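First the structure, in the form of structure tokens, and then the observations on it.
The values are calculated or read from the model by the stated rules, or taken from the named source; none is laboratory data. Just so it is clear, the structure is predicted and the values come from calculations on it, not from any experiment. Every residue, glycine as well, gets a Cβ built from its backbone with ideal geometry; the counts of neighbours run over all protein chains shown.
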2 protein chains.
Amino acid sequence: MSIRRETAGSGAAIGEAVIPDATVARLANYLRALTGFADQGVSTVSSDALAAAAGANSAVLRKDLSYLGSYGIRGVGYDVDTLTLLISRTLGLAAHRSVVLIGVGNLGQALAGYAGFSSRGFEIAALIDADQQRVGTHICGLRVHDIGDLELILAAQPIDIAVLATPAAVTQEICDRLVSAGVTSILNFAPIALAAPSHVEVRQVDLAAELQILSFHEHQKENGLYNAEQEKAKTLPPSERHWARA
Amino acid sequence: MSIRRETAGSGAAIGEAVIPDATVARLANYLRALTGFADQGVSTVSSDALAAAAGANSAVLRKDLSYLGSYGIRGVGYDVDTLTLLISRTLGLAAHRSVVLIGVGNLGQALAGYAGFSSRGFEIAALIDADQQRVGTHICGLRVHDIGDLELILAAQPIDIAVLATPAAVTQEICDRLVSAGVTSILNFAPIALAAPSHVEVRQVDLAAELQILSFHEHQKENGLYNAEQEKAKTLPPSERHWARA
DNA sequence: GTCTGTGAAACTTTTCACAGCT
DNA sequence: AGCTGTGAAAAGTTTCACAGAC
């Protein structure tokens, strides 16, 4: 998964620093939390406050940020705007990113209308489907194109990321065409493991798998295999919550 | 994240074995792949074949399965049906699980209609929303209930898992009510880190965060920080793909 | 010969604890 | 006094390689 690696002890050879995958995944959460603070007019946050809002612990947060450099002020905290900018740049969000969404069924339509995408810098540049009943219609103000024109659409405009909400059976084939056309980032919602060359980053979101993981934990509890501290604080008023965040 | 832990060297104290979180997450993928093999009438699979279909490597697969016991046959492989049953039982899918879906907006409606849930043993037992325009309507054959009746609905039937597709601003409050009502497994699609006591398992799916992680990798490539072996096999025919799976 | 099961090694990630700056 | 930045230790995960069953 990691992109670059330093040979131990050598200084950063080419660019800045190596950022662990686990850290990258959390940066997005910090950014979300920072936006919240900015909206409230808060201009400085401590690692404790930011970690609480982002659902991490402050030691992890500080270590994560240390990979980006030393931008905090000891005894004070982090400047919200500076940190927002720093993380945005690190995630490559300075430039808005164009997304093509393939598969405009139930889930695809929901994704097309998902406000969280545009509000966080992602523009859906094209909708594509194979169903001729849907091709030509407009969804959320965008025309649905035919899957046959996939290569034309990709050639006509710069596309950074493809989102797949297609039936499992056709998803690998579409993935292959995307890869051939030069797409290197894919977010796949179809319940199938995609094969792609290593220079292509594929992320899988499997909704049923998430439920199965929860089911496992329920099962553990049912069998009395759950260790201690259940029911903890269950009756405390919300103001006294001191629970962990997801 | 782990539920139980053995003190080093001591035998399994209470039940069977400790299953690492990383393994649990992959079991769902193996199950999906096994279903595929069963549909094709295949009755035995090797770790290599199953790993390829599930997007893992065979060493990981074998290690994962070893946590569940030794059910493979050396020189042959695994029996598809036996393994399917074993994983299903491990994930607690023997009993069908009831899900309550809260928030029937864009995304919530898509989730309500998502075939992958019912086909994999999850039954949506109730839909709930706060919007009076939606309350009382029927979506995918299910009546939408008022959020005010949340506690009544949970009391009237056994619910294993709550799925939240609500606006971020109200999600923590709903989470608190769910926890008070005894729900211990939550799948959250709202872009906010939920606070919950430690006996409650919360899984977060943040769609925009997924795109941001992809954006990071795109950014790395743009800056020439990507290491070697690009373009590899890009022109091979699909039949000769030997790429890694997601 | 083939393929599983598993210890041991390598690597990654998290946690701890505290030095050092404001 | 308060909070960051970071080495060092601990925990968790993946990879390796091969003994052993079929």
Residue pairs within 7 Å by beta carbon, gap of at least six or interchain, first lying in the range A:53-71 and over 21 Å from B:GLN172 (Cβ atoms), second more than 9 Å from DNA strand D (Cβ to nearest atom) and basic (Lys, Arg), listed first then second, are A:ASP64/A:ARG26
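Matching residues to (1) out of contact with any helix residue (DSSP H, G or I) (no Cβ under 9 Å at 6 or more places or on another chain); (2) surrounded by fewer than 19 Cβ atoms within 10 Å (Cβ to Cβ):
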{"site": "B:PHE122", "(1), (2)": "no, no"}
{"site": "B:GLN132", "(1), (2)": "yes, yes"}
{"site": "B:ALA169", "(1), (2)": "yes, yes"}
{"site": "B:SER180", "(1), (2)": "no, yes"}
{"site": "B:ALA209", "(1), (2)": "no, no"}
Within the range A:84-113, track down each residue that is within 9 Å of chain B (Cβ to nearest Cβ), touching a Gly at 6+ places or on another chain (Cβ under 8 Å) and outside any helix (DSSP H, G or I). A:LEU93, A:ARG97
Mind checking whether some residue in the range B:137-150 is within 23 Å of A:CYS140 (Cα to Cα) and in contact (Cβ under 8 Å) with a residue 24 or more places away in the chain? yes
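For every residue, the table says whether it meets (1) at pLDDT 95 or above; (2) within 19 Å of B:GLN212 (Cα to Cα); (3) crowded, with 17+ Cβ neighbours inside 10 Å; (4) more than 13 Å from chain B (Cβ to nearest Cβ).
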residue	(1), (2), (3), (4)
A:ALA8	no, no, no, yes
A:ALA28	yes, yes, yes, no
A:LEU31	yes, yes, yes, no
A:VAL42	yes, no, no, yes
A:LEU65	yes, yes, yes, yes
Some residue of the range B:54-67 being in a loop (DSSP other than H, G, I, E, B) and within 23 Å of A:LYS221 (Cα to Cα): yes
Just to be sure I understand, how many residues within the range A:169-198 are outside any loop (DSSP other than H, G, I, E, B) and more than 9 Å from chain B (Cβ to nearest Cβ)? 7
Residues of the range B:105-134 that turn out to be in contact with a Lys or Arg (Cβ under 9 Å, 6 or more places away or on another chain) and over 22 Å from A:ALA208 (Cβ atoms), as a count: 0
Only one residue in B:ILE153, B:ILE87 is touching a His at 6+ places or on another chain (Cβ under 8 Å), modelled with pLDDT of 95 or more and either aliphatic (A, V, I, L, M) or over 21 Å from B:LEU187 (Cα atoms) (or both). Which one? B:ILE153
Residues of the range B:150-168 being among the hydrophobic types (A, V, I, L, M, F, W, C) and part of a helix (DSSP H, G or I), in sequence order, are B:LEU150, B:LEU152, B:ILE153, B:LEU154, B:ALA155, B:ALA156, B:ALA168
Is it the case that some residue within the range B:59-76 is in contact with a Gly (Cβ under 8 Å, 6 or more places away or on another chain), over 25 Å from B:GLN40 (Cα atoms) and polar (S, T, N, Q)? no
Residues in the range B:24-81 that are within 11 Å of DNA strand C (Cβ to nearest atom) and on the phi > 0 side of the Ramachandran plot: how many? 3
Qualifying positions in the range B:117-139 - closer than 18 Å to B:ILE186 by Cα and either part of a helix (DSSP H, G or I) or within 9 Å of chain A (Cβ to nearest Cβ) (or both): B:PHE117, B:SER118, B:ARG120, B:GLY121, B:PHE122
Quick check on A:ASP48: is it within 26 Å of B:ARG203 (Cα to Cα), within 11 Å of DNA strand D (Cβ to nearest atom), more than 10 Å from every other protein chain (Cβ to nearest Cβ) and charged (D, E, K, R)? yes
Residues to consider are B:HIS217, B:HIS199; find the one that is surrounded by 23 or more Cβ atoms within 10 Å (Cβ to Cβ), of a type outside the set (A, V, I, L, M, F, W, C) and over 16 Å from A:ALA110 (Cα atoms). B:HIS217
